[in-house]
Amino acid sequence: MHSPVRIYRQPILRAAGFRRRARARRGFIPVLAQESEFHPGPDYFSRAIHPRGEHSLGFSLSDLHLAFEGLAEGDRNLLQARYGIFVADRPTEGAGRIRVVQAGVPGFLQSRHQERGVPEIYRLEQVWRGELLTAYAYEFAGCFDFVSHRGQLAIAPSQGDPVHRAVENFLRVVSAHWFLRRGGLLIHASGVVREGRAHLFFGPSSSGKTTVTLLSDGDLILGDDLILLRESDSGFAACAVPFRGLYREPPQTDQAFPLAGLYRLVKDRDDFLVDLSPSLGAAELMGSLPFVMEAGRGGEALETASRIVREMPVRRLHFRKSADFWRLLQSQGEGKG
């Protein structure tokens, strides 16, 4: 039995949206999308929309294997350069499939910056219909069925590099839900490997995630924006993802490393650690989970976060943005000198 539709941000212009959907069925989508935002439904993805090209590319992140089909040659070359070790010319056997198509509309969500005169936080809508997830933002709309592992990604024409933005943001959403369903978490964090073990540093923007990577000279950097934490035979392990923040170097490995520590970053004038209770540690961790918290999956996220902190408690790391914090971790048996 299908679960009810969940929409986690209210679409604007409801009346106009109703008229737009009704007239869209008569073939007027491109014209109407220029009038206001366009919120795609199942009927939109069922249309015969033209692929962008004839090329394909495989994508693998841990046990998530996808084949992107319908790419233009330029799309394929861009993704190969962007994702490096995570892509291959030949998709993995049994991989899920995502068809990349021309959107057929000028765009989906519209930036409200021009209306309000202030910068806008990136908006992304998520809608669940049973096991079918729809995610869309300004220049893309994608759907993915978590039963059949089939999906579609529609890319609208825009200035700059729409393929780069569209594929990456869609992959972030699909990955977050994929690994949550398998007992893992995609965490807004930086990851540093010392002596074969991964230290994860998380917190809101400007808390110091990128700074930690810059202060870890000689270490293996997993990333400074998103890290995958998943279950292994010997406990939880961390691995890099191809989604990068300010740390522009692509990941050097797709290997998973056993977890050495979880640290909630706090800027301070001194370096010290504060132990957190399991409940508070889980709450702190849940504050750094993109996409799944906005999509009504909070219960699953809490269950997974609670299991993680029982094995590896969260500690607040107060630090003054110097490499001395590693000495503190070493004194606690958590890092090397």
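Considering only region 7-18, I want to know if a residue exists there that is at positive phi and either among the charged types (D, E, K, R) or modelled with pLDDT of 65 or more (or both). For region 7-18, residues at positive phi and either among the charged types (D, E, K, R) or modelled with pLDDT of 65 or more (or both): absent.
Restricted to region 143-248, the set of strands (runs of 3 or more DSSP E) holding at least 1 residues that are surrounded by fewer than 17 Cβ atoms within 10 Å (Cβ to Cβ), modelled with pLDDT under 95 and not assigned by TED's automatic domain parsing to the domain that holds Gln110 comprises 226-232, 235-240. Which one of these is β-branched (Val, Ile, Thr) and closer than 18 Å to Val292 by Cβ: Ile121, Ile85? Of Ile121, Ile85, the one residue that is β-branched (Val, Ile, Thr) and closer than 18 Å to Val292 by Cβ is Ile121. Kindly indicate whether any position in region 80-90 is in a helix (DSSP H, G or I) and without any contact (Cβ under 8 Å) to a residue 60 or more places away in the chain. Yes, region 80-90 has at least one match.
The values are calculated or read from the model by the stated rules, or taken from the named source; none is laboratory data. As the structure is a prediction and not an experimental result, all values here were calculated from the model. Backbone-built Cβ (ideal geometry, glycine too); neighbour counts: all protein chains shown.
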